[in-house]
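The values are calculated or read from the model by the stated rules, or taken from the named source; none is laboratory data. Small disclaimer: the values here were computed from a predicted structure and weren't measured. For neighbour counting, all protein chains shown are included, and Cβ atoms are generated from backbone atoms with ideal geometry for every residue, glycine included.
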Amino acid sequence: MTTLEEKTIEKLKAGECSVERALLVVSGLQTEEEISSYQQKLDHIQRDFEGRYFGRERQRGNEYQTAGALFDYLWKIKSDRYNEKDFLLAPVIDNHLDENKNKKVGNCIGLTSLYTALGQRLGLDLSVLSNIGHILNLLHYGGCEIGVENSARNGFDYKYPKGEFKKGDLTVLVATVFNSRGEARFRLGDLKSARFDFDQAVRLNPIQVDLLNNKGVVEFKLGNYNEALLDLDQALQLDPDYGLALQNKKNLLESLGIGWKGR
């Protein structure tokens, strides 16, 4: 972890850092010059959007109209935007700006990150809806909550299934990026870096069971059995029926020679 990343996360937790900056830093940008270069790319995207949709007079509609226009703009630039691998904001920005119209932009995390960064610049009141494996934006306007499903062309004003998602502030989005980065590092065998990422994800979003489960697994792999058990127990307190955490706790206890028959 870089000093810049440490400082950024502490400031984000204290409310002293923008989500845009945090998402750029977690993308792997390590200097102020690199961050500035991507902020300039976002400036370019914002100016292009405003020029196309608001004209020379920059006369905007209300927040709902602006949010819909931003969604339409992003899908018109790249009509096939979804890919399964790109979740970090910096490469998602590059994919969006790529002159190849067939270049896909990102997965649900990456697309939600881009919409969030641009939407906040335009004054939209955004949060997120998330569950295990998916995340999307929630627009707050006029006392209403409007789903913004960035992974689908018809996803604006998405009628999301009630009860299937948890509402969260935008730090949940940063936590989700950390979790995905941790999973990628875990697959590569970089357990210490994965542990850091899962730890940051849990710090930012301590009530999502898959994040706790992932941290428990990597603690187990590193031989930190007490920490692993605490993480898995916390996950099971939140969701006693979460199968992965149940199986991982069983595996952990069996490795220690302790029998366990479940709850």
- prompt: Could you list, in sequence order, the residues of segment 230-248 that are in contact (Cβ under 8 Å) with a residue 24 or more places away in the chain and over 24 Å from the mean Cα position of the chain (by Cα)?
  reply: Asn248
task: Among residues belonging to segment 145-165 that are loosely packed, with under 14 Cβ neighbours inside 10 Å and modelled with pLDDT under 95, point out the one that is nearest to the chain's Cα centre (by Cα).
output: Glu164
- request: Scan segment 21-40 and give yes if some residue there is within 28 Å of Phe178 (Cβ to Cβ), β-branched (Val, Ile, Thr) and at pLDDT below 95, otherwise no.
  value: yes
message: Suppose we keep only residues that are in a loop (DSSP other than H, G, I, E, B) and over 12 Å from the mean Cα position of the chain (by Cα) within segment 199-214. Which one would you say is surrounded by the fewest Cβ atoms within 10 Å (Cβ to Cβ)?
response: Pro206
statement: Apart from one, (1) assigned to a strand (DSSP E or B); (2) more than 10 Å from the chain's Cα centre (by Cα); (3) in contact (Cβ under 8 Å) with a residue 40 or more places away in the chain all hold for Leu129; the odd one out is (3)
- prompt: Which of (1) closer than 18 Å to Gln120 by Cβ; (2) in contact with a Leu (Cβ under 9 Å, 6 or more places away or on another chain); (3) among the charged types (D, E, K, R) is the odd one out, the single condition Glu32 does not satisfy?
  reply: (1)
query: Any idea how many residues of segment 57-96 are assigned to a helix (DSSP H, G or I), surrounded by fewer than 17 Cβ atoms within 10 Å (Cβ to Cβ) and of a type in the set (Ser, Thr, Tyr)?
result: 2
Test: residue in segment 240-262 that is within 30 Å of Val148 (Cα to Cα), crowded, with 18+ Cβ neighbours inside 10 Å and of a type in the set (Gly, Ala, Ser): no
field: Members of segment 6-24 found to be part of a helix (DSSP H, G or I) and touching a residue at least 24 places away in the same chain (Cβ under 8 Å), listed by number
entry: Ile9, Leu12, Lys13, Val19, Glu20, Ala22, Leu23, Leu24
message: Is it the case, given these coordinates, that Ile135 is touching a residue at least 40 places away in the same chain (Cβ under 8 Å) and not in a helix (DSSP H, G or I)?
response: yes
